[in-house]
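No value in this document is a laboratory result; all are computed from the given coordinates. Just so it is clear, the structure is predicted and the values come from calculations on it, not from any experiment. Counting neighbours? That spans all protein chains shown, and the Cβs are built from the backbone with ideal geometry, glycine included.
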């Protein structure tokens, strides 16, 4: 490992999407923002060797294998660095959201929270067994920003949120192809939002602060 792992800190695993790299927006936004809110172990899953394939179906077919490899990292850290898997939040965008779901599948319920940022729809329609789904963790949260085009419109998590009704996003203009709206999920759900805490807990906390019960 290139950086020390502190088992006393919560761990966040971040996974980019199709055509992404270690320098993708999801990584850039979290790199400093997470540390601004506290001390964390951050694992960036760089699967650019597969995600940079411009023939999308090739990358799509890798989500299960990449999820398995990322799951192995967590197993290694649990065995040799005292990782508490219940302190892990796995976050993925687009195809990376399905990779995150497969991390949960390989962990067989050990992961408490997975957050899918506009999970990719193409080639995942229906109940594809390797897509992200509510059973992948105790709590699976989905942010829909380009539903029905590049991302899912149907609810597929424990909690599904639809900013601006989940299809088009302000400031994206005509957005031919939907790429702008698809990427907007990253900035809408990026830290410092209590460091990727489940959104329903954040909303509950916000309400209770304004209206003490």
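Some points to look at:
- If you go through the stretch 158-189 and keep only what is part of a loop (DSSP other than H, G, I, E, B) and in contact with a strand residue (DSSP E or B) (Cβ under 9 Å, 6 or more places away or on another chain), you end up with 158, 162, 167, 178, 189.
- Within the stretch 1-33, considering residues that are in contact with a strand residue (DSSP E or B) (Cβ under 6 Å, 6 or more places away or on another chain) and outside any loop (DSSP other than H, G, I, E, B), the one surrounded by the most Cβ atoms within 10 Å (Cβ to Cβ): 15
- When residues of the stretch 157-168 are limited to those that are under 29 Å from residue 71 (Cα atoms) and in contact with a helix residue (DSSP H, G or I) (Cβ under 7 Å, 6 or more places away or on another chain), the one surrounded by the most Cβ atoms within 10 Å (Cβ to Cβ): 157
- Of all the numbered requirements in (1) closer than 20 Å to residue 116 by Cα; (2) in contact (Cβ under 8 Å) with a residue 60 or more places away in the chain, residue 83 misses one, and that requirement is (1).
- Among residues that are touching a strand residue (DSSP E or B) at 6+ places or on another chain (Cβ under 9 Å) and on the phi < 0 side of the Ramachandran plot, residue 37 is not included.
- Count of residues meeting criterion [touching a residue at least 40 places away in the same chain (Cβ under 8 Å) and over 19 Å from residue 112 (Cα atoms)] in the stretch 25-56: 11
- Scope the stretch 169-190; condition at positive phi and surrounded by fewer than 18 Cβ atoms within 10 Å (Cβ to Cβ); matching residues: 171, 173, 175, 177
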